[in-house]
Each structure stands twice: as structure tokens, then as C-alpha cells.
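One structure below.
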Amino acid sequence: MPLKFRKQLIADERYESAGVFDVDNDGVPDIVSGAYWYKGPDFKQAFKVGHVQAEGEYFDDFSTLPIDANGDGYIDFVTGGWWGNTLRWRENPGPAGGEWKTHIIAEVGNVETTRAWDVDGDGELEIVPNTPGGPLVVYKLIRDENGKGTGEFAAKQIWSKPQGHGLGFGDVSGSGRGDFILNNGWLEAPEGDGEWIFHPEFNFGAASIPILVVDVNGDGLNDLIVGQGHNYGLDWLEQGRDSEGNRTWKRHPIDPYNAQYHDLQWADIDGDGQCELITGKRHRAHNGNDPGEHDYVGIYYFKWNCESFSKQIIDYGPIRQATGCGILFALADLRGTGRLDLVAPGKDGLFVFYNEGF
């Protein structure tokens, strides 16, 4: 049986990114999206984070990645956007309240969105923006002798050529190290500080962020799951070997009939110990100019049935009746039920889908 979800409107706002973390250190998760944070557990109280630059239908705020950047015990967040050309963190003011101060991490050019991965394997997440026209650079929080953040970040360039639209991270080679996946190939991680090796083995077009690296079929080789961020299509690429031991990729469609699969997450949403693919449509990703822009919107989870992915609907229907899931949505246990709820931002509003189980 499919899971049941209860939908709640949090705010009729148009920000496309949301994060979940404990803003005020009261032990209860809160929601942060755009210019506001919403106090848990009912999210009815909204508090101002600060001004967010508006650009037409967009806001210059394409990620909400929690991190205690300055080590004061209060969680801040990292964001970036297409127009501001900067990667930045916003400082949680703590008990004093008030506006969250903005700190520039780096001038990086246009930011499609940003993700956090443990690139160097030290147990701490690094910040990695997808800058389609710029190089691939990893930003690592500099910590003091006590392991607390200093508010400063060190930059390490991985790839000097333009990234393109789409980015993922995971162990493709089976080396135990994390590799980077671009929209036109993948970068193999070296041992130590060696050179990353590019393998031009596919071309995805305007790919999702992230491109997921998971062993879908359990054969011991990590596969790729990729959505089309500005077109129709959601696929998984099965990694294999030919008769000479060379790497091969076989594309399998998951959902070719829906468009703008921009953000993907791989998590155990039904509590059976196996991960599902959770994703949906980014509503008006290009303001009405993408294929499928005027189709119904929706959010779904796809369950692997040992042969293919079975689609389950969380929400689906006409715009303003159903909703999509923006450029960065969040999964979190908002009520302590042990089940993952879904926080969906977007140009059609900020919603919570409470996971009520079966």
C-alpha cells in the first residue's frame, strides 16, 4: 500500500529552497525558507531572516544548507543564487534575534544550486556549488583547534573547465572515494592530492542537482539516477562491464512523461529499511519556457521492486491545487514519529507533507 500524507500550507511565498534545522536551540526542528524561518512544531510563527534579492519570478536564494559556520552553537545556513554571483552564509543571530547577517564565502559566478558532501572523507561536509559556467570548486569550513567553525572557508578547485548544468557525488569507481558526476561525464577521485581524471561516458543535458550515485539493483556497482531539470525525463543508468572489463552504462527510464525533475533525494521514506527515490516537478523552473511547464505538478516517491521503479503519488494535479518541490526540498522527522516528512518550497507556496504511514 502507498504511504498516506497530510498536506499543510506553511506560507504563500515563492522561495524555491527550504531547509530544516533547530534555529532557536529549543530541541524542535524549524523550517527556513527564503526571507523567513518558521518555528516548529506547528510552523505558524514566522520570523524574518532578512532581505532576499528578487529577480522577476525568482529570488537569489537557491539553497538552504545548515551549518554552524562560526562555531557559536547556533546553526547558520549556506545559500547562493544565479544573480548575486556569490556563495554566502547567513549568520543565525541566536537569542538576540533580528536579521541574519550575510557573509560572502566566495565570488563564484552564477549558482544553479548548492549541495553539501563529505568530499575528503573526514566526516565533515564540504560545500559544493553547481556553477554551470564556472569550474568545480569545493569549499571547506576552516575549524579551530576545538573543531569549531571560524566563519572562514578554504577553496579547492577540482576541475577547471565549466561544470555544466547538473552535479552529483558518490563512489562510481568502487575505490571507496567519492567521485563527482557532471552532466557530460564523471571525475574520478585520486588518492591523496593527485589529479582528478575525467571520463566522458555520457551526456545528460540540463541534468538534476543532484545526480544520485546509488547501487539500484544490488549488484555491487553504483549506478546513476538523473532527472531532466528543464525537460521531460527521469532515468537510471545501470553500471556494468563488457567482455573486456570496460565500464558500460545502460539507460533505463523511470518516468519519461513528466518534466523538470530538478532535485532528487534517496532516503527510506516508508521505513522498510530500503531507500526510495523522492522527487517531483520544479514548478515554472524557467518561467513558462520549459517543455512541460503547463502540465500538472506533482511530488512522488519511486520504490524499487527488484526489476523497476514503481511510482507512488504524494501530490498531483493542477497548479494551485497540487504542488511541486522547488529547487531544494527537505526530508526530516518534524514530529518525532520516526517517519520522514517532506518540506516542499516553490513558486506555488511552501508546504509540509506530513508522513502518516500506511
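Details
- Residue check for GLU276: under 22 Å from the mean Cα position of the chain (by Cα) and modelled with pLDDT under 95: no
- Qualifying residue in the range 297-305 (condition: in a strand (DSSP E or B), at pLDDT below 95 and not basic (Lys, Arg)): no
- Scanning the range 1-14 for residues that are open to solvent by 70 Å² or more (accessible area, probe 1.4 Å) and assigned to a loop (DSSP other than H, G, I, E, B) turns up MET1, LYS4, ASP12, ARG14.
- Where a residue in the range 335-353 is at negative phi and its partner, wherever it lies, is aliphatic (A, V, I, L, M) and at pLDDT below 95, with Cβ under 9 Å and at least six apart: ASP348/ILE319
- Unique match (being without any contact (Cβ under 8 Å) to a residue 40 or more places away in the chain, touching a His at 6+ places or on another chain (Cβ under 7 Å) and not small (Gly, Ala, Ser)) among GLU188, GLU152: GLU188
- Of the residues making up the range 232-259, those that are assigned to a loop (DSSP other than H, G, I, E, B), in contact with a strand residue (DSSP E or B) (Cβ under 8 Å, 6 or more places away or on another chain) and open to solvent by less than 70 Å² (accessible area, probe 1.4 Å) are GLY233, ASP242, ILE254, ASP255, PRO256, ASN258.
- Residues located in the range 282-296, provided they are modelled with pLDDT of 95 or more, open to solvent by less than 30 Å² (accessible area, probe 1.4 Å) and not charged (D, E, K, R): HIS283, ALA285, GLY292
- All positions within the range 16-48 that are under 26 Å from HIS286 (Cβ atoms) and without any contact (Cβ under 8 Å) to a residue 60 or more places away in the chain: VAL32, ALA35, TYR36
- Residues in the range 330-351 that are touching an Asp or Glu at 6+ places or on another chain (Cβ under 6 Å) and either crowded, with 24+ Cβ neighbours inside 10 Å or among the β-branched types (Val, Ile, Thr) (or both): LEU334, PRO345, GLY346, LEU350.
- Single unsatisfied condition, PHE358 versus (1) in contact (Cβ under 8 Å) with a residue 24 or more places away in the chain; (2) in a strand (DSSP E or B): (2)
- Test: residue in the range 308-319 that is closer than 15 Å to VAL214 by Cα, open to solvent by 50 Å² or more (accessible area, probe 1.4 Å) and modelled with pLDDT of 95 or more: yes
- Qualifying position, being among the small types (Gly, Ala, Ser) and touching a Phe, Trp or Tyr at 6+ places or on another chain (Cβ under 8 Å), among GLY166, GLY149: GLY166
The values are calculated or read from the model by the stated rules, or taken from the named source; none is laboratory data. Treat the numbers as computed from the prediction; the structure is a model and nothing was measured. Note that each Cβ is placed from the backbone with ideal geometry, even for glycine, and that neighbours are counted across all protein chains shown. Each accessible area value is taken on the protein alone, full model and side chains, heavy atoms only, with ligands, DNA and RNA left out. Shrake-Rupley method; radii C 1.70, N 1.55, O 1.52, S 1.80 Å.
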